[in-house]
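The values are calculated or read from the model by the stated rules, or taken from the named source; none is laboratory data. Computed from a prediction, not measured in an experiment: that's the story for all the values here. Cβ atoms come from the backbone with ideal geometry, glycine included; neighbour counts cover every protein chain shown.
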Protein chains: 2
Amino acid sequence: MTPPARQLHLNAFLINAGHHEAAWRLPESDPVGSTGLEHHVRLARLAERGTFDSLFLADSPALHSDVGRRPSSILEPTVLLTALAAATTRIGLIATASTTYNEPFNLARRFASLDHVSGGRVGWNIVTTATLEAARNFGLDELPPHAERYARAAEFIEVSLKLWDSWEDGAIVADKAAGVWADQERVRAVDHRGRYFSVAGPLNVARSPQGHPLLVQAGSSEDGRALAARYAEAVFTAQQTVEEARSFYADVKHRARRLGRDDRGVKVLPGIVPVLGSTEAEAHERERLLDELVVPRYALAQLARTLRLPVERLELDGRLPDDLPGEDQIEGAKSRYTLIVDLARRERLTVRQLIGRLGGGRGHHTFTGTPEQVADRIEEWFTTGAADGFNIMPPALPRDLELFVDHVVPVLRRRGLFRTEYTGRTLRDHYGLPRPLGRALGGERIRIEESVA
Amino acid sequence: MTPPARQLHLNAFLINAGHHEAAWRLPESDPVGSTGLEHHVRLARLAERGTFDSLFLADSPALHSDVGRRPSSILEPTVLLTALAAATTRIGLIATASTTYNEPFNLARRFASLDHVSGGRVGWNIVTTATLEAARNFGLDELPPHAERYARAAEFIEVSLKLWDSWEDGAIVADKAAGVWADQERVRAVDHRGRYFSVAGPLNVARSPQGHPLLVQAGSSEDGRALAARYAEAVFTAQQTVEEARSFYADVKHRARRLGRDDRGVKVLPGIVPVLGSTEAEAHERERLLDELVVPRYALAQLARTLRLPVERLELDGRLPDDLPGEDQIEGAKSRYTLIVDLARRERLTVRQLIGRLGGGRGHHTFTGTPEQVADRIEEWFTTGAADGFNIMPPALPRDLELFVDHVVPVLRRRGLFRTEYTGRTLRDHYGLPRPLGRALGGERIRIEESVA
């Protein structure tokens, strides 16, 4: 069978014991596995066996939520990703890092090093970090305003691109006879002076196998979409319905085209939480089991924080209050806030039901069914303009990733929607994205002056 | 033979193609090997075969020197160290990181993660980063003053210690039945508010196998010694003569005792550059070969920068000018400056000779001879109060590390000075240092109020 031109992209979103907050309490779960390396190595190899494009690690530089609730000791993503690079050979490796709480020189350097060490398999999920807890670990008493964080993010990316391009390809000549290791003319200062950063450069790492890491973005607010349209090569997004997903997809592609980009250069990957069973009944039983293990007091406290309400105003068997603030009054994760409020109102959920839904997928699309049914849902979204692929969020790990690899991936392959083996070596190869040109070859960047508002 | 109570500690200081600046030009050298992972994996396994306590990666967040001069594309040390952790099982792993250009939450977290991933084999070489090039990558036009950098370093360490202790040992209870993952009472905020940092905490990584990474320090200025005496568990130092080394050793131990520390808890490790040959003549021939490969214009430019002179004031066959500033006028690496000036004056070296000496060991003790002679020198320093062990700085890599492991280590073992196999699992085990108590067990820290001047 000739593979069709357009192929699905699958990313395995790994998170402690799984995306369902109660996954660690399942009888088969190792509740402390995710605090160590072995658990992640197993998952990475599993995803690689399933020929996933990439795996992905979320992150925030703060301890979140109640440590009683779920596994809360997390290996720092660039460290963990390096260890996973050593344990795998083909799968792409994407880590989240914050532009608000890092310095561009340090982070650009770490990602370039990771790209070298992994042989060109690294991606950076760019986040601005929307929590007060994180701000308070970096000398701030308040979360910086949303627009401020995004303006800083845009400049951070610009500086990083300049640093990654500060060594031309081929700058290392290693001429023993002449005593010239690299050509000074092809390693150039950056001399960036902007609103947030002054960085002289050059980087102390040569241009990496991919030119620079794949740029990934996950914010779906207005600022987030603008940033994604300009820089992102892949977008992770939480979309509850196929209609919403289509609208988001069209919007991101449109924005990218408007900026003169080829819209195939930005892959849109909604999250999906597949709750699998060999029959529909078994899948629903599995979902019920997981939801029963949720301890409501933790989730209630978190929902109250997200909605900016005292916890006393939420009643488990009541609905959300009517007088919630609009998204424009929220300085945190704007799109997540709106998604939660809309979900509760659209489906007329009680607080208890809402907590169940969020506990499973934190606002992402949850789908419960057989492998064939999950494949149907994926195909529907993929072929009707809602997705270029999916961010697969297994409710419990490793079990649900294993089920996906062994039972959903073969269906997708049979339908000609997904690769049967890796054909490329780098993460860019997997996503079908070109290696960016360096500055010397005319790979000019959109400039900071036209930055997102 | 019963091993004597006191054993040597050996650290393998790995740096691109070797410590001699011209090592990459040797016929047998792979001039680009050090830009990738494989070269380092080979060296790490070699040092582990030699039962070294640890290996060590230096660092500065800037591109230094002329890229023509020597390999200048460097993998970021915490990334490289993570990859080396995956490639080894016993050897300790020490990386340099700057307190001037990092945030404590980010760095404490990365080292804690590395300690988890490596099974307790990590050390942090604490540096304040003394170059203008680095400052200019982080929004500064000038190098911050020496005293300022050291005051920030002391507070940075205090915050890091608090973060590493923010989870008690045993805080993770993983009680599936009760739905309690960790005990909230045993994970505590840090609430640090100091002159340089405000950090709420707690860390989002549980207490690591070693409690915290081994703390290493390498500055030998007054501020550097004060910081080392207070916090360091190992000290790397450049000492040209055994007399100077004894005086430095006695001073550091004395300072530690004065602060109420057990002085066996701070290991003093001078650097030694062993230029080896199976005969003395062969060793000297090797040294000559290396020195001949030095391109003087690079070294001359660097010496001029270090001495704060226009390059025109240095004549290759003349001596250093008499009117050099004193150490108190130097804001950079003070002790390195004085060492260079003293070396040139004591041995009445011409600039050309000085460059040769610095090209080989950058101010560290260079010793040229047979394996027996190198072992004699090591034994002399070790048994006469000049060293607890050595920072081994092979002039060319991998060759000179291989020679050391295969020919010097066996001599040291025969003499009962060095282990024949690893007896412990962690870096602290190798150095004979206890695992620090957490705060809950009374492991109170010296407070920031009494910080170094």
Exercise. Which members of the stretch B:17-27 meet the condition of being within 14 Å of another protein chain (Cβ to nearest Cβ), surrounded by 24 or more Cβ atoms within 10 Å (Cβ to Cβ) and part of a loop (DSSP other than H, G, I, E, B)?
Worked result: B:17, B:18, B:20, B:21, B:22
Seminar exercise, completed: In the stretch B:40-81, anything of a type outside the set (A, V, I, L, M), under 17 Å from the mean Cα position of the chain (by Cα) and within 11 Å of another protein chain (Cβ to nearest Cβ) is listed as B:40, B:59, B:60, B:61, B:76, B:77, B:78
For this session: Would you confirm whether any residue within the stretch A:170-177 is under 29 Å from residue A:83 (Cβ atoms) and either of a type in the set (D, E, K, R) or not in a helix (DSSP H, G or I) (or both)?
Result: yes
Exercise. Is it the case that the stretch A:352-359 has a residue that's closer than 18 Å to residue A:10 by Cβ and in contact (Cβ under 8 Å) with a residue 40 or more places away in the chain?
Worked result: no
Seminar exercise, completed: Those residues of the stretch B:347-363 which are at pLDDT 75 or above and either of a type in the set (A, V, I, L, M, F, W, C) or in contact with a helix residue (DSSP H, G or I) (Cβ under 6 Å, 6 or more places away or on another chain) (or both) amount to B:349, B:351, B:354, B:355, B:356, B:358
Exercise. Within the stretch A:421-437, is there a residue that is closer than 23 Å to residue A:249 by Cα, surrounded by fewer than 18 Cβ atoms within 10 Å (Cβ to Cβ) and either modelled with pLDDT of 95 or more or hydrophobic (A, V, I, L, M, F, W, C) (or both)?
Worked result: yes
For this session: Would you confirm whether any residue within the stretch B:349-372 is in contact with a strand residue (DSSP E or B) (Cβ under 6 Å, 6 or more places away or on another chain) and surrounded by fewer than 20 Cβ atoms within 10 Å (Cβ to Cβ)?
Result: yes
For this session: Starting from residues that are within 17 Å of residue A:299 (Cβ to Cβ) and in a helix (DSSP H, G or I), keep the ones in the stretch A:327-341 and report whichever is modelled with the lowest pLDDT.
Result: A:336
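Here's the yes/no breakdown for (1) aromatic (Phe, Trp, Tyr); (2) without any contact (Cβ under 8 Å) to a residue 12 or more places away in the chain; (3) assigned to a helix (DSSP H, G or I); (4) within 15 Å of residue A:113 (Cβ to Cβ):
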{"site": "B:30", "(1), (2), (3), (4)": "no, no, no, no"}
{"site": "B:51", "(1), (2), (3), (4)": "no, no, no, no"}
{"site": "B:56", "(1), (2), (3), (4)": "yes, no, no, no"}
{"site": "B:63", "(1), (2), (3), (4)": "no, no, no, yes"}
{"site": "B:75", "(1), (2), (3), (4)": "no, no, no, yes"}
{"site": "B:94", "(1), (2), (3), (4)": "no, no, no, no"}
Seminar exercise, completed: From the option list A:309, A:324, A:320, A:303, single residue qualifying as assigned to a helix (DSSP H, G or I) and buried (at least 16 other Cβ atoms within 10 Å of the Cβ) is A:303
Problem set entry | Qualifying position, being touching a residue at least 12 places away in the same chain (Cβ under 8 Å), crowded, with 20+ Cβ neighbours inside 10 Å and away from every other protein chain (no Cβ under 14 Å), among A:147, A:229, A:171, A:206 | A:229
Seminar exercise, completed: Flagged pairs (Cβ under 9 angstrom, 6 or more apart or on separate chains; first in the stretch A:416-434, within 11 Å of residue A:91 (Cα to Cα); second assigned to a loop (DSSP other than H, G, I, E, B) and among the aliphatic types (A, V, I, L, M)) are A:422/A:91; A:427/A:91; A:427/A:433; A:430/A:91
Exercise. In the stretch B:36-49, which residues are buried (at least 20 other Cβ atoms within 10 Å of the Cβ) and free of Cβ contacts under 8 Å to residues at least 60 places away in the same chain?
Worked result: B:37, B:40, B:44, B:48
Problem set entry | Of all residues making up the stretch A:1-16, the number that are in a loop (DSSP other than H, G, I, E, B) and either over 30 Å from residue A:414 (Cβ atoms) or touching a His at 6+ places or on another chain (Cβ under 8 Å) (or both) | 1
Exercise. Hey, does the stretch B:111-124 have a residue that's surrounded by fewer than 23 Cβ atoms within 10 Å (Cβ to Cβ), at the interface with another protein chain (Cβ under 9 Å from one of its Cβ atoms) and closer than 29 Å to residue A:164 by Cβ?
Worked result: no
For this session: Evaluate the following for residue A:261: is it touching a Gly at 6+ places or on another chain (Cβ under 8 Å), closer than 28 Å to residue A:58 by Cβ, more than 14 Å from chain B (Cβ to nearest Cβ) and basic (Lys, Arg)?
Result: no
For this session: Looking for whichever is closer than 30 Å to residue A:12 by Cβ, among the charged types (D, E, K, R) and more than 18 Å from the chain's Cα centre (by Cα) here; the options are A:264, A:186. Which one fits?
Result: A:264
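Results for (1) closer than 30 Å to residue A:330 by Cβ; (2) under 17 Å from the mean Cα position of the chain (by Cα); (3) more than 10 Å from chain B (Cβ to nearest Cβ), shown as yes or no for each residue.
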residue	(1), (2), (3)
A:93	no, yes, yes
A:96	yes, yes, yes
A:158	yes, no, yes
A:166	no, no, no
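Rundown of residues vs (1) in a loop (DSSP other than H, G, I, E, B); (2) among the aliphatic types (A, V, I, L, M); (3) on the phi > 0 side of the Ramachandran plot, yes/no style:
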{"site": "A:81", "(1), (2), (3)": "no, yes, no"}
{"site": "A:86", "(1), (2), (3)": "no, yes, no"}
{"site": "A:90", "(1), (2), (3)": "yes, no, no"}
{"site": "A:101", "(1), (2), (3)": "yes, no, no"}
{"site": "A:108", "(1), (2), (3)": "no, yes, no"}
{"site": "A:111", "(1), (2), (3)": "no, no, no"}
{"site": "A:115", "(1), (2), (3)": "no, no, no"}
{"site": "A:141", "(1), (2), (3)": "yes, no, no"}
For this session: For the stretch B:60-99, name all the residues that are among the basic types (Lys, Arg) and touching a strand residue (DSSP E or B) at 6+ places or on another chain (Cβ under 8 Å).
Result: B:69, B:70
Problem set entry | Residue, modelled with the highest pLDDT, within the stretch B:130-144, restricted to residues that are within 22 Å of residue B:215 (Cβ to Cβ) and more than 12 Å from chain A (Cβ to nearest Cβ) | B:144
Problem set entry | Candidate set from the stretch B:234-246 (those that are buried (at least 23 other Cβ atoms within 10 Å of the Cβ) and not small (Gly, Ala, Ser)); member that is farthest from residue B:210 (Cα to Cα) | B:239
For this session: Can you confirm whether the stretch B:184-201 contains a residue that is crowded, with 18+ Cβ neighbours inside 10 Å and in a helix (DSSP H, G or I)?
Result: yes
Exercise. Does residue A:65 satisfy being under 22 Å from residue B:182 (Cα atoms) and surrounded by fewer than 22 Cβ atoms within 10 Å (Cβ to Cβ)?
Worked result: yes
Seminar exercise, completed: residue B:344: passes all of (1) modelled with pLDDT of 85 or more; (2) in contact with a Leu (Cβ under 9 Å, 6 or more places away or on another chain); (3) closer than 17 Å to residue B:20 by Cβ; (4) in a helix (DSSP H, G or I) but (3)
For this session: Scan the stretch B:249-261 and give yes if some residue there is of a type in the set (Val, Ile, Thr), in a helix (DSSP H, G or I) and within 20 Å of the chain's Cα centre (by Cα), otherwise no.
Result: yes
